[in-house]
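Here's the structure, in structure tokens; my notes come after.
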Amino acid sequence: MRVRGTLSSNPSKIITMSTLEHFDEAHDEHMLMQLQRKMEKDMIMGMAEQAALKAHPVVDYVKHLPVESTLYPAIEYLRLASKTGHPISDIFDQVHEGKTCFRDTSGNIVFYRPEYHRFIDWELPAHDLERPKRCGCGFIRGSSGGIVYSMCPDHPEHFCKGKRNHCWDLGCPDCMNDTALDHGVEVEKQLMRYRRLLEKQNLPCSDVGHWVVSPPQEMAKSLMQSYDEFDELYSYVCGSLQKYGAHAGVTIFHPWRQQQKGWVASPHFHSLVYGRINTKQFLRDNPGWIIKKVHPKQKIRSIRHTAAYLFTHMGLGLYERDPDDIDWDLDIIDYLIPGIKSDKGKYTEKDYELLSIGKGRMVGDLSQIDWEEWTMQRLTGKMKIRYWGGVARNKIRTVGFDRQYKIRVCKECGEILRVYDGPDDSIGSYVRYIQDNYVFCFAHQLSLVNSTYLKYKAKLKSADLTLSDFASMVPFAVSTLEFMPQNKDLVMKDPFEEPDEYFLRRQKEDDFETYSQ
């Protein structure tokens with residue numbers, strides 16, 4: 001009673017003490033909320049960065065293990081062959097038997113003096129260390145300074161990934177892993193569109209097999225030095241695979257093999273092929289060569305991931321081109337109108353940004369070109385992977401495409417993903433993208449496809465059917481939608497359409513049925 005009476009006699013003290021206590025509690029609660037919010041931001045940033053930087057384990061070995069030089073005195077074999085009039089293979093054999101003195105076609109003595117020359121410059125991926133800085137590769141930064149990231153708003157553990165600028169070059173250490181995956185998808189598409197076309201026409205097609213072909217090493221090391229000789233070797237490997245049973249495939253060259261001490265020069269070819277190869281006959285006709293199938297008793301679980309793995313440590317070869325062989329005018333036109341030389345050329349987001357201020361190639365402005373770099377790019381050729389047989393570039397033709405405007409959704413729960421402008425952005429915006437669905441056919445059936453489509457084009461349009469729908473209804477054409485796995489992303493009518501409540505409700509009902517099965 002004494003304490004109670006004392007307190008009641010001084011009500012202002014009670015109010016003061018209560019206010020101070022309340023202030024301390026509110027302050028502590030506010031500080032805890034700020035700390036919790038900061039921890040959530042840091043966690044999300046960590047998840048976004050970690051997901052964006054995730055790479056295949058071999059990428060680390062490619063970047064950090066020492067690489068043996070592939071330089072070889074091949075020029076002397078070429079010189080001797082041209083002066084003596086003998087095939088380079090005979091010269092090669094004689095040199096390795098110890099012969100150092102030859103006679104040219106005039107009877108003069110020519111000595112073999114090996115020298116190292118660089119005709120094709122071979123390099124492993126991810127070794128152009130200056131490219132990220134030169135091309136601006138890396139994380140995209142938001143207005144608040146943090147990285148821009150896309151995330152499932154309700155469940156960050158489902159999806160959270162930082163957004164990055166890519167140069168899409170295998171030589172770039174920052175972009176190599178994602179570029180290899182992208183190239184792997186392209187290989188899968190080329191192989192699968194061929195298979196699907198055969199299936200639609202009731203023609204047989206086997207599963208894809210992974211084969212490795214290793215020529216005699218000293219010969220391969222010499223031939224890989226100059227473009228013409230290596231081109232002949234590459235063509236011989238692809239042609240031999242067809243000769244002994246394969247009917248379509250893609251071949252990727254590897255100048256090195258990984259060993260404990262690093263990457264050792266050991267040229268060989270990897271091929272993903274359709275068909276059964278007669279290895280016994282191949283080895284009888286090619287003594288000293290090695291050919292084997294990787295995991296012969298197992299199917300390839302994923303073509304794209306197998307191909308991507310091969311791209312992570314393929315040989316990137318650069319060779320000099322003759323300026324007289326370059327069509328400079330056509331290259332300028334192709335720069336202004338991408339797609340003139342290749343059907344894959346298209347304008348970039350930067351081009352549309354420049355167009356908004358009246359600049360860039362879309363308005364014929366050439367001021368953005370670094371002419372020195374542009375010229376050097378054309379004077380340097382890049383060795384490419386080879387599609388052959390039924391999947392050769394000239395055997396499958398592009399009919400056209402139809403475009404879809406999509407909004408990305410979470411694969412786990414079906415919620416619409418959002419892209420956030422750094423950790424301080426709590427609202428975000430829809431993750432929008434464009435998907436072009438291409439239609440293909442065999443080259444010899446292109447005229448038939450075009451004439452048939454033109455015949456029914458008006459009826460298809462009136463029924464609100466696309467070119468992809470047409471391809472699905474005929475046996476001589478195939479759409480990407482038929483052989484590539486499709487997601488649950490929202491398909492909009494135009495790039496600026498917003499999904500209304502009815503659209504979202506219908507989407508949730510479809511997702512519920514899918515996830516409940």
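Residues of the stretch 424-468 that are aromatic (Phe, Trp, Tyr), open to solvent by less than 60 Å² (accessible area, probe 1.4 Å) and over 30 Å from residue 42 (Cα atoms): 440, 442, 453. Across the stretch 322-354, the number of residues qualifying as not in a helix (DSSP H, G or I) and not hydrophobic (A, V, I, L, M, F, W, C) comes to 12.
Residue 386: open to solvent by less than 60 Å² (accessible area, probe 1.4 Å) and over 25 Å from residue 235 (Cα atoms), yes or no? Criteria not met by residue 386.
All of 169, 154, 174, 182 fail the test of being more than 26 Å from residue 69 (Cα to Cα) and not in a helix (DSSP H, G or I), apart from 154.
Do you know which of the residues in the stretch 100-152 that are closer than 30 Å to residue 85 by Cα and of a type in the set (Phe, Trp, Tyr) is most open to solvent (accessible area, probe 1.4 Å)? The selected residue is 116.
Tell me, please, whether a residue that is at pLDDT 85 or above, touching a Leu at 6+ places or on another chain (Cβ under 9 Å) and under 26 Å from residue 439 (Cα atoms) can be found in the stretch 364-382. Within the stretch 364-382, none of the residues are at pLDDT 85 or above, touching a Leu at 6+ places or on another chain (Cβ under 9 Å) and under 26 Å from residue 439 (Cα atoms). Figure legend. Inter-residue proximity from the stretch 381-399: first residues within 18 Å of residue 272 (Cα to Cα), second residues open to solvent by 10 Å² or more (accessible area, probe 1.4 Å) and charged (D, E, K, R), beta-carbon distance below 8 Å, spacing 6+ or different chains. Indicated pairs: 387/393; 389/395; 396/193.
Here is a list: 110, 62. Which entry is in contact with a Phe, Trp or Tyr (Cβ under 9 Å, 6 or more places away or on another chain), under 17 Å from residue 173 (Cβ atoms) and either in a helix (DSSP H, G or I) or touching a residue at least 24 places away in the same chain (Cβ under 8 Å) (or both)? None of the others qualify; the one that does is 62.
What are the residues in the stretch 272-320 that are hydroxyl-bearing (Ser, Thr, Tyr) and out of contact with any helix residue (DSSP H, G or I) (no Cβ under 6 Å at 6 or more places or on another chain), if any?
Just the residues of the stretch 272-320 that are hydroxyl-bearing (Ser, Thr, Tyr), to begin with: 274, 279, 302, 306, 309, 312, 319.
The answer is 274, 279, 302, 306, 309.
Does residue 160 fit the bill of being within 18 Å of residue 310 (Cα to Cα) and in contact (Cβ under 8 Å) with a residue 24 or more places away in the chain? Taking the combined requirement at face value, the residue does not satisfy it.
The values are calculated or read from the model by the stated rules, or taken from the named source; none is laboratory data. Everything numeric in this text was worked out from a predicted model, so none of it was measured. Virtual Cβ from ideal backbone geometry, glycine too; neighbours counted across all protein chains shown. Just so you know, the surface numbers come from the protein's heavy atoms only, side chains and all, with ligands and any DNA or RNA stripped out. Shrake-Rupley method; radii C 1.70, N 1.55, O 1.52, S 1.80 Å.
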